[in-house]
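Some notes on the structure that comes next.
Read-outs: derived from the displayed coordinates by stated rules, not from any lab. All values reported here derive from a predicted model rather than from experimental measurement. With ideal geometry, Cβ positions are generated from the backbone for all residues, glycine too; neighbour counts draw on all protein chains shown.
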């Protein structure tokens, strides 16, 4: 890559991952969110991530408004970066004004929280800590420069992981040989948070669910561990009001004694509900085609 282009990319990453998010986080949220909404209208922002995501989503919903879809996608991405700083700079009183909770929490103790790559999930962690949950995040190891174009994106990823621990997350558990670690954490009284809305890898078992009116396959490993351990299972997600910037944390504690299939069906229903609110808030649209096992015109389950 030519040096001038490398310098431009480094400057863009420095601006969008460090300078702008930190500046906005220091502003009163009403003003800061207005700045983000104005920025999100720019077609030049996040082009390398917006276009493949839009192409995947548009294939599913040909009638979607391209301009508004891309606006919401960019807005969520901007907010996601600012949240890294907000979770460090804002406390419970701020959250009481700007974060609304829906649903009921389980009693403190070992629990499996199943969430998804939709919305502004950073605010889940402070609430878990305030509710008395010491929770690990089960995640795939990051590869490449998923957050930007240069090495600065890798640095931002390290900073975000540190901020995650500061805001309430215990040490991450990486997928692969994670079943033993997850079981040990639950037996020790700790909780785990995991996402199931990713294409299953070749070594993973999956189940078929209905998602956005289509047949999709979701990995079942974490749900199986939760059912076998007999711990409470809670579905949780965090939305973003695109007009006010207010967050809503939706908490759905499942009844005990559900089968693995019933848990996965409830998870798919929760994810489907969120996706239908604002589809562009799904941060993995680029990978989403790997979830679906039929065409948009095929009949769902």
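The fewest-to-most ranking of 39, 222 by surrounding Cβ atoms within 10 Å reads 39, 222.
In terms of the Cα gyration tensor, with a ≥ b ≥ c the square roots of its eigenvalues, is the range 238-278 rounded because a/c is under 1.5, prolate because a/b exceeds b/c, or oblate? Oblate, since a/c reaches 1.5 and b/c is not below a/b.
Multiplying the residue separation of residue 276 and residue 201 by 0.36 nm and removing their Cα-Cα distance gives an extension gain of 24.4 nm. Of all DSSP beta bridges located in the chain, what percent are antiparallel, nearest 5? The answer is about 45 percent antiparallel. Full extension of the segment from residue 31 to residue 265, taken as 0.36 nm per residue of separation minus the current Cα-Cα distance, would add 80.2 nm. Rounded, prolate or oblate for the range 10-60? Axes are the square roots of the Cα gyration tensor eigenvalues, ordered a ≥ b ≥ c, and the cut-off for rounded is a/c under 1.5. Judged from the Cα gyration tensor, the range 10-60 comes out oblate (a/c at least 1.5, b/c at or above a/b).
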